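Asks: Dropping the structure in here first, questions after.
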Amino acid sequence: MNTKENQIRIAASNFEGISQQLFSLAAGLEKRPSTNCFPSLDSINRIAEATTVSLRNLVGRVTPEENMTFFEDAAEAMSITVQESDQWLKITLPGIIPHRNARDNPTFLTRPMRHALLAFQREHPIERFADCAICIVHQYDVALGSKRIRDYDNIETKRYLDVIESVFLTNDTGLLCTVLQATAFSDRDATIFYIMPPWRLTEWVQSYLTFHTENQKKADSETGMYI
């Protein structure tokens, strides 16, 4: 029976198993530093995400409505931010995951993201964009090297654009919405969505190119990497 008690026990068991696997993986890497840890970490991460989503859903069912802030808390813990300027709206997320198969649950990130956008809209009401340009910058931690950089068709963005549309756009059809993607080195992994009126696009491109050039010079001087 899928009772609250059983769900709590399943979550506890999953997190205990995750802890044991991580300690085991760390010990293995200590003995063989060249071991490819990606398959194990990817598997552990998927279990952790699915378990977290399940736990959030349970919290949602038992939390009184007046205390329903845990998705906003999750967004804050994940460093999901929304900032408005005169030029554009800036939404910052942790580095977006690559495409996954159908069994993976995207709500680990998209649900806290949606609540963060709704909270911003409540506090700083803005009119929905009838037509717009959306510029997506995939930031990669320069310290982790350039081999991690992915092709754009191997990065999940649609689900996140759907969340943005539900809060800030009237429609994301190609007739009304232009979407551009770019890549840059930075001091941490992140994905940033810039939403703006179409006539601001040239201004954004100039701003991005300046940022990209400065950070590329820094990356070249610190690591010798070129992209």
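Asks: Considering (1) surrounded by 15 or more Cβ atoms within 10 Å (Cβ to Cβ); (2) at pLDDT below 90; (3) more than 29 Å from I8 (Cα to Cα), say which one W88 fails and leave the rest.
Replies: So W88 meets the others, but not (2).
Asks: Let me ask another. Considering segment 137-182 alone, what residues qualify as being among the β-branched types (V, I, T), at pLDDT 90 or above and closer than 16 Å to G95 by Cβ?
Replies: Going residue by residue through segment 137-182, those that are among the β-branched types (V, I, T) are 137, 142, 149, 155, 157, 163-164, 167, 170, 173, 178-179.
If we keep only those that are at pLDDT 90 or above as well, we get 137, 163-164, 167, 178-179.
If the condition is that a residue be among the β-branched types (V, I, T), at pLDDT 90 or above and closer than 16 Å to G95 by Cβ, then V137 is the only one that fits.
Asks: Okay, moving on. Output the number of the condition that A119 fails; it satisfies all remaining conditions of (1) in a helix (DSSP H, G or I); (2) farther than 24 Å from D86 by Cβ.
Replies: The number of the failed condition is (2).
Asks: Moving to a separate point now. Count, please, the residues in segment 18-45 that happen to be under 25 Å from the mean Cα position of the chain (by Cα) and among the small types (G, A, S).
Replies: Selection size over segment 18-45: 3.
Residues checked against (1) in a loop (DSSP other than H, G, I, E, B); (2) exposed (fewer than 10 other Cβ atoms within 10 Å of the Cβ); (3) in contact with an Asp or Glu (Cβ under 8 Å, 6 or more places away or on another chain):
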residue: E5; (1), (2), (3): no, yes, no
residue: A11; (1), (2), (3): no, no, no
residue: E16; (1), (2), (3): no, no, no
residue: S19; (1), (2), (3): no, no, no
residue: L22; (1), (2), (3): no, no, no
residue: L25; (1), (2), (3): no, no, no
residue: G28; (1), (2), (3): no, no, no
residue: S34; (1), (2), (3): yes, yes, no
residue: S40; (1), (2), (3): no, no, no
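Asks: Looking for something under 22 Å from T210 (Cα atoms), part of a strand (DSSP E or B), in the same structural domain as V205 (by TED's automatic domain parsing) and of a type in the set (D, E) - is there at least one such residue anywhere in segment 131-145?
Replies: Checking segment 131-145: at least one residue is under 22 Å from T210 (Cα atoms), part of a strand (DSSP E or B), in the same structural domain as V205 (by TED's automatic domain parsing) and of a type in the set (D, E).
Asks: Then there's this: Mind listing just one residue for me: the one in segment 169-185 that is farther than 19 Å from D151 by Cβ and in contact with a strand residue (DSSP E or B) (Cβ under 6 Å, 6 or more places away or on another chain) and, of those, surrounded by the fewest Cβ atoms within 10 Å (Cβ to Cβ)? Outline the logic, then answer.
Replies: Initial filter on segment 169-185 (farther than 19 Å from D151 by Cβ): 169-178.
After this cut, where a residue has to be in contact with a strand residue (DSSP E or B) (Cβ under 6 Å, 6 or more places away or on another chain) as well, the list is 169, 177-178.
On the way: L169: 20, C177: 21, T178: 14.
Only one residue tops the list, namely T178.
Asks: Only one residue in I164, I126, I136 is surrounded by fewer than 18 Cβ atoms within 10 Å (Cβ to Cβ) and under 28 Å from A77 (Cβ atoms), so which one is that?
Replies: Working: I164 fails: surrounded by fewer than 18 Cβ atoms within 10 Å (Cβ to Cβ); I136 fails: surrounded by fewer than 18 Cβ atoms within 10 Å (Cβ to Cβ).
Checking each option against the conditions leaves just I126.
The values are calculated or read from the model by the stated rules, or taken from the named source; none is laboratory data. Note that this is a predicted model, so its numbers are computed, not measured. Heads up, the Cβs are rebuilt from the backbone with ideal geometry, glycines too, and the neighbour counts pull from every protein chain shown.
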